[in-house]
Amino acid sequence: MNINATLLGQAIAFFVFVWFCMKFVWPPIIAALEERKKKIADGLAAAERGKHEQELAEQRAAEVIAQAKQEAAAIINQAQKRANEIVDESKSTARVEGERIVAAANAEIEQEVNRAREQLRGQVVSIAVAGAGKVLKREIDAKAHDELLNDLVTQI
Amino acid sequence: MASETLTTSYYIQHHLTNLTYGKLPDGTWGVAQNNEQVAQMGFWAIHLDTMFFSVLLGIAFLLMFRVVAKTANSDVPSGWQNFIESVVEFVDTSVRGSFTAKNDLVAPLALTVFVWIFLMNAIKLLPVDMIPGLAGLMGLPYTKIVPTTDPNATFGMALGVFALMIYYSIKIKGPGGFGAELAFQPFPKWMFPVNLVLEGVGLIAKPVSLALRLFGNMYAGEIIFILIAAMYGAGLLLGAFAGLLQLGWAIFHLLVVTLQAFIFMTLTIVYMDMAHQEHH
């Protein structure tokens, strides 16, 4: 166990190794470590941001859906109302129209009836007159048939 | 009986001797063949095994990390890159926790200290006779493969840390500031000789404790391993018992190996932090 020049040799070797390590080993490795640390931190931050954005988007989507539902309900309501209105409107129009048609038909019928009656009355009168003429030709018994003729006339 | 104790102690002694290169007694340079020759070489000798294995492991460390550093990118890391990155991250966290100033040297320093010492400690988990046995076949008289059981290695690193401490103390605080830190506290200024002695001891104690703690732990562990290995030769029953002991001690040493590397690293960071602090 004697101290000798090995001491100096060891000290020199020590300095050489430390120098080499400082120059060529430590900086690249620690730079890579730092860079990876930064990369991971960035990645985590990006993931966090993405998650946040997704939450926002979901919220927005929910809002949009709710609004759309509301609008759809409003539109359906309006449509139903409008449909009811149209039905009511057409009902009343139809009723009025029907009434008008009925009234017109009634009037026409009455007119027709009146015309027919006038025609008939004229014809009956002429038939009656012709009949009466024929009867009178044979026997004119004014006294006896006056009552009958009168009755006929009133009937027509 | 005497010869057996001789061989056992020789076995242990042999395992604790480094392969030393220096000036032999006859004036030529070469590898010492026995302890007397090692002792005569004095300071200007070098432990070839310590140097070889420490530099080998240092290069292994740098290669392992350099492979990842070259292709490092921020994509999904795979296998080996993952492992290296977790080591780097661990060291980086330790540095951030203990070192408050800003210095690009400290983190690579801590990484080098941690992984290098860990590797140098970890090869002691190899069986004590394996590599020395192979080296013996190649004709090398001694081989001690664990560099951290050689005080030269631990003191070498501690001296490196100490030099950096002094350098940054002077650089950050200026020579005057550093001198004032040593001389004018903890007692009033007129007692500066006392302060100087106290602070000087404190300063010197840092690298010495750093080196001795690592060396002591590793050396003691190594001796236990060698003792257990020596038991293998003492009969079947004791040999089997030694196998169990070695297993247990090796598992326990997984902890010691890592812990000592971690302690050395943490104290290095703390000392460097103290060198960067303006006031205490």
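Observations on the structure shown:
- Elements of type helices (runs of 4 or more DSSP H) in the range B:99-185, at least 2 residues being under 30 Å from B:ALA229 (Cα atoms), aliphatic (A, V, I, L, M) and within 14 Å of another protein chain (Cβ to nearest Cβ): B:106-122, B:151-183
- Boolean, B:PRO147 is surrounded by 24 or more Cβ atoms within 10 Å (Cβ to Cβ) and without any contact (Cβ under 8 Å) to a residue 12 or more places away in the chain: no
- Note on the range B:247-265: residues that are touching a residue at least 24 places away in the same chain (Cβ under 8 Å) and more than 13 Å from the chain's Cα centre (by Cα) total 4.
- Checking B:THR93 against (1) of a type in the set (Val, Ile, Thr); (2) at the interface with another protein chain (Cβ under 10 Å from one of its Cβ atoms); (3) part of a helix (DSSP H, G or I), the condition it does not meet: (2)
- Consider the range A:10-30 and keep the residues that are within 7 Å of another protein chain (Cβ to nearest Cβ) and surrounded by fewer than 20 Cβ atoms within 10 Å (Cβ to Cβ). The one that is nearest to the chain's Cα centre (by Cα) is A:PRO28.
- Some residue of the range B:234-252 being assigned to a helix (DSSP H, G or I) and under 24 Å from B:VAL95 (Cβ atoms): no
For every residue, the table says whether it meets (1) assigned to a helix (DSSP H, G or I); (2) within 11 Å of chain A (Cβ to nearest Cβ); (3) of a type in the set (Ser, Thr, Tyr).
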residue: B:HIS14; (1), (2), (3): yes, no, no
residue: B:GLY22; (1), (2), (3): no, yes, no
residue: B:GLY30; (1), (2), (3): no, no, no
residue: B:ASP49; (1), (2), (3): yes, yes, no
residue: B:PHE52; (1), (2), (3): yes, yes, no
residue: B:LEU62; (1), (2), (3): yes, yes, no
residue: B:ALA69; (1), (2), (3): yes, yes, no
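- Qualifying residue in the range B:191-207 (condition: touching an Asp or Glu at 6+ places or on another chain (Cβ under 8 Å) and not aliphatic (A, V, I, L, M)): yes
- Any hit, the range A:26-49, residues being in contact with a Lys or Arg (Cβ under 8 Å, 6 or more places away or on another chain) and over 30 Å from B:ALA45 (Cα atoms): yes
- Only a single criterion out of (1) crowded, with 22+ Cβ neighbours inside 10 Å; (2) closer than 15 Å to A:PRO28 by Cα is not satisfied by B:VAL113, namely (2).
- Put simply, of A:ASN114, A:ASN2 the only residue that is away from chain B (no Cβ under 14 Å) and either surrounded by 10 or more Cβ atoms within 10 Å (Cβ to Cβ) or more than 30 Å from B:PHE61 (Cα to Cα) (or both) is A:ASN114.
- Pairing residues of the range A:38-53 that are closer than 17 Å to B:VAL76 by Cβ and within 14 Å of chain B (Cβ to nearest Cβ) with residues that are surrounded by 10 or more Cβ atoms within 10 Å (Cβ to Cβ) and not acidic (Asp, Glu), at Cβ distances under 8 Å and at least 6 apart in sequence or on separate chains, gives A:LYS38/B:SER74; A:LYS39/B:SER74.
- Yes/no for B:LEU56 being over 30 Å from B:LEU247 (Cβ atoms), assigned to a helix (DSSP H, G or I), without any contact (Cβ under 8 Å) to a residue 40 or more places away in the chain and more than 7 Å from chain A (Cβ to nearest Cβ): no
- Failed condition for B:ASN34, given (1) of a type in the set (S, T, N, Q); (2) under 30 Å from A:ALA32 (Cβ atoms); (3) loosely packed, with under 13 Cβ neighbours inside 10 Å: (2)
- Test: residue in the range B:272-279 that is surrounded by 13 or more Cβ atoms within 10 Å (Cβ to Cβ) and assigned to a loop (DSSP other than H, G, I, E, B): yes
- Qualifying residue in the range B:49-58 (condition: modelled with pLDDT of 80 or more and either closer than 16 Å to A:PRO28 by Cβ or surrounded by fewer than 16 Cβ atoms within 10 Å (Cβ to Cβ) (or both)): yes
- The set of residues from the range B:97-110 being of a type outside the set (Val, Ile, Thr) and either crowded, with 24+ Cβ neighbours inside 10 Å or in contact (Cβ under 8 Å) with a residue 12 or more places away in the chain (or both) comprises B:SER98, B:PHE99, B:ALA101, B:ASN103, B:LEU105, B:ALA107, B:PRO108, B:LEU109, B:ALA110.
- Every pair of residues 6+ apart whose Cβ atoms lie under 6 Å, when the first sits in the range B:167-187 and is of a type in the set (A, V, I, L, M, F, W, C) while the second is at pLDDT below 85: B:ILE170/B:PHE178; B:ALA183/B:PHE192
The values are calculated or read from the model by the stated rules, or taken from the named source; none is laboratory data. All of these numbers come straight from a predicted model, not from anything done at the bench. Heads up, the Cβs are rebuilt from the backbone with ideal geometry, glycines too, and the neighbour counts pull from every protein chain shown.
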